[in-house]
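Some notes on the structure that comes next.
The values are calculated or read from the model by the stated rules, or taken from the named source; none is laboratory data. Only a predicted model underlies this, so the values are computations on that prediction, with no experimental measurement involved. Glycine gets a Cβ as well: all are built from the backbone with ideal geometry, and neighbour counts include every protein chain shown. SASA here: full protein model, heavy atoms, side chains in, ligands and nucleic acids out. Shrake-Rupley method; radii C 1.70, N 1.55, O 1.52, S 1.80 Å.
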Amino acid sequence: MSWTRGPLAVLAMAALLGGAAGCGSGDGPEREREGEVAVSPVGKVLDHTDEQGRHYREIGKDGAPEVTVEVQPDEGDGWEVRLTVRNFRFSPPRTRPVATAGHGVALLYLDGHRLARLRTGEHHLSGRQVPRGTHQLTARLYADDLTVWAVRGTAIESTADITASAPGAPPAPSDAG
């Protein structure tokens, strides 16, 4: 190797390493770039899991996401489900499976059985999905890595009761909880 190739190789390597280290950008870890959010560790993953074995991700109460579920009968035999969220943004499809503060999906459960993964605050629940009787519909917030957002060891969720009447009868309204 000649003496000129050595310094050029060192300069090239330094440029590559310097670029990978983010030389002088000063943007910080939470800056959004080209539609993506740079992530940093969020919360603490606990040993506690939900019914499907997904770990809880403990975060502080201040600024924690919140969710409220409301259910109203539709004109047919089903229900319109509406989630109201605070300090939370639904992630679009194909989002990287990494926990980012205040982002993720909601999973919808009927009596503890998973119905749907929601990426918006609205969902139509067909009457065929709900047997006759009174049931609990729960919306629980998850990070994009499908860990459960939790505060003080309690999942961030909301539950509403719905009552399915006899076939052909309109569904009874529910109470949000």
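Specify which of the listed residues (PRO167, PRO131, PRO171) is surrounded by 18 or more Cβ atoms within 10 Å (Cβ to Cβ), modelled with pLDDT under 95 and over 19 Å from GLY53 (Cβ atoms). Spell out how you get there, then give the answer.
Working: PRO167 fails: surrounded by 18 or more Cβ atoms within 10 Å (Cβ to Cβ); PRO131 fails: surrounded by 18 or more Cβ atoms within 10 Å (Cβ to Cβ).
Every option except PRO171 fails the conditions.
Quick one: count up the residues across the range 89-115 that are open to solvent by 20 Å² or more (accessible area, probe 1.4 Å) and touching a residue at least 40 places away in the same chain (Cβ under 8 Å).
Total meeting the criteria: 8.
Against the definition (modelled with pLDDT under 95 and closer than 24 Å to GLU51 by Cβ), how does ALA116 come out, yes or no?
Values: modelled with pLDDT under 95: no; closer than 24 Å to GLU51 by Cβ: yes.
Considered against the rule, which asks whether it is modelled with pLDDT under 95 and closer than 24 Å to GLU51 by Cβ, ALA116 comes out as no.
Restricting the range 116-127 to residues that are open to solvent by 20 Å² or more (accessible area, probe 1.4 Å) and in a strand (DSSP E or B), which is farthest from LYS44 (Cα to Cα)?
Applying the filter and picking the extreme gives HIS124.
Can you tell me which residue among VAL39, VAL45, VAL85 is within 15 Å of ALA143 (Cα to Cα), at pLDDT below 50, of a type in the set (Val, Ile, Thr) and open to solvent by 40 Å² or more (accessible area, probe 1.4 Å)? Talk me through it step by step, then tell me what you get.
Values: VAL45 fails: at pLDDT below 50; VAL85 fails: at pLDDT below 50.
The match here is VAL39.
So PRO93 clears everything in (1) part of a loop (DSSP other than H, G, I, E, B); (2) modelled with pLDDT of 95 or more; (3) over 30 Å from ARG128 (Cα atoms) except one condition, right? Which one?
That leaves (3) as the condition not met.
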